Amino acid sequence: MKKPRHIGQKIALATAIFCALMMLPALVGFFWLWQERGLADTWTPSLLAIVAFFGCCAGVLYAMSRPQPVLPAEDPAADA
(Lines give C-alpha, C1' and ligand atoms only; values in the text may rest on other atoms or scores of the structure.)
Protein backbone atom coordinates (compact mmCIF):
# COMPACT_ATOMS: atom_id res chain seq x y z
CA MET A 1 0.00 0.00 0.00
CA LYS A 2 1.27 3.44 -0.88
CA LYS A 3 0.47 6.88 0.43
CA PRO A 4 -1.49 9.18 -1.87
CA ARG A 5 0.45 11.83 -3.78
CA HIS A 6 0.65 15.19 -2.05
CA ILE A 7 0.49 18.48 -3.99
CA GLY A 8 4.24 18.68 -4.64
CA GLN A 9 4.26 15.18 -6.11
CA LYS A 10 1.25 16.00 -8.28
CA ILE A 11 3.02 19.09 -9.62
CA ALA A 12 6.15 17.00 -10.30
CA LEU A 13 4.05 14.43 -12.18
CA ALA A 14 2.36 17.12 -14.29
CA THR A 15 5.74 18.66 -15.08
CA ALA A 16 7.17 15.23 -15.99
CA ILE A 17 4.31 14.70 -18.43
CA PHE A 18 4.90 18.19 -19.87
CA CYS A 19 8.63 17.46 -20.32
CA ALA A 20 7.87 14.15 -22.03
CA LEU A 21 5.48 15.92 -24.39
CA MET A 22 8.01 18.67 -25.13
CA MET A 23 10.52 15.99 -26.03
CA LEU A 24 8.44 14.95 -29.05
CA PRO A 25 8.63 18.20 -31.09
CA ALA A 26 12.33 18.48 -30.25
CA LEU A 27 12.88 14.93 -31.50
CA VAL A 28 10.96 15.64 -34.70
CA GLY A 29 12.99 18.83 -35.18
CA PHE A 30 16.21 16.92 -34.62
CA PHE A 31 15.38 14.32 -37.29
CA TRP A 32 14.23 17.02 -39.71
CA LEU A 33 17.42 19.04 -39.25
CA TRP A 34 19.52 15.90 -39.48
CA GLN A 35 17.99 15.10 -42.88
CA GLU A 36 18.09 18.70 -44.15
CA ARG A 37 21.43 20.00 -42.86
CA GLY A 38 23.32 16.98 -41.47
CA LEU A 39 25.18 16.57 -38.20
CA ALA A 40 27.77 19.22 -39.06
CA ASP A 41 25.25 22.03 -38.53
CA THR A 42 25.32 23.46 -35.00
CA TRP A 43 21.53 23.28 -34.56
CA THR A 44 21.34 19.49 -35.00
CA PRO A 45 23.39 18.43 -31.96
CA SER A 46 21.79 21.25 -29.98
CA LEU A 47 18.36 19.78 -30.61
CA LEU A 48 19.64 16.36 -29.62
CA ALA A 49 20.88 17.89 -26.36
CA ILE A 50 17.42 19.40 -25.83
CA VAL A 51 15.83 15.97 -26.36
CA ALA A 52 18.21 14.47 -23.79
CA PHE A 53 17.52 17.32 -21.37
CA PHE A 54 13.74 16.90 -21.56
CA GLY A 55 14.10 13.13 -21.25
CA CYS A 56 16.25 13.38 -18.13
CA CYS A 57 13.95 16.00 -16.62
CA ALA A 58 10.93 13.78 -17.26
CA GLY A 59 12.66 10.80 -15.64
CA VAL A 60 13.81 12.67 -12.54
CA LEU A 61 10.47 14.44 -12.06
CA TYR A 62 8.59 11.16 -12.44
CA ALA A 63 10.82 9.55 -9.82
CA MET A 64 10.12 12.48 -7.49
CA SER A 65 6.38 12.21 -8.08
CA ARG A 66 6.09 8.56 -7.03
CA PRO A 67 4.32 8.21 -3.68
CA GLN A 68 6.36 6.79 -0.85
CA PRO A 69 5.49 3.38 0.59
CA VAL A 70 3.80 3.24 3.97
CA LEU A 71 6.31 2.63 6.76
CA PRO A 72 5.81 -0.49 8.87
CA ALA A 73 4.35 0.03 12.32
CA GLU A 74 6.89 0.50 15.08
CA ASP A 75 7.35 -2.33 17.55
CA PRO A 76 7.32 -0.85 21.09
CA ALA A 77 9.05 -3.96 22.46
CA ALA A 78 12.09 -3.27 20.26
CA ASP A 79 12.71 0.09 22.00
CA ALA A 80 13.10 -1.49 25.43
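Values as computed for the structure displayed
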item: Label-point separation, L71 to L27 (7 Å along Cα→Cβ), nm; result: 3.9
item: Low-density loop positions, trypsin sites (Lys or Arg not before Pro), region 2-31 - DSSP coil, at most 15 other Cβ in 10 Å; result: R5
item: Probe 1.4 Å, accessible area per residue of the chain, Å²; result: 77
item: Rounded percent of accessible protein surface that carbon and sulfur make up, the chain, 1.4 Å probe; result: 72
item: Calculated FRET efficiency for the pair I11/F53, C-beta based, R₀ 30 Å, to 0.05; result: 0.95
item: Where S65, S46 fall by accessible area, highest first, once all protein chains stay in place (1.4 Å); result: S46, S65
item: Region 65-74 - phi-based ³J(HN,Hα) in whole Hz, Karplus 6.51/-1.76/1.60, Gly and Pro as x; result: 7, 5, x, 7, x, 6, 6, x, 5, 6
item: Cα centroid separation - region 1-29 against region 30-80, whole Å; result: 10
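The values are calculated or read from the model by the stated rules, or taken from the named source; none is laboratory data. Predicted model, so just to flag it, every value in this text is computed and none were measured. Cβ: placed from backbone, ideal geometry, glycine included. Neighbour counts: every protein chain shown. Quick note on the areas: whole protein, heavy atoms, side chains included, nothing else; ligands and nucleic acids left out. Shrake-Rupley method; radii C 1.70, N 1.55, O 1.52, S 1.80 Å.
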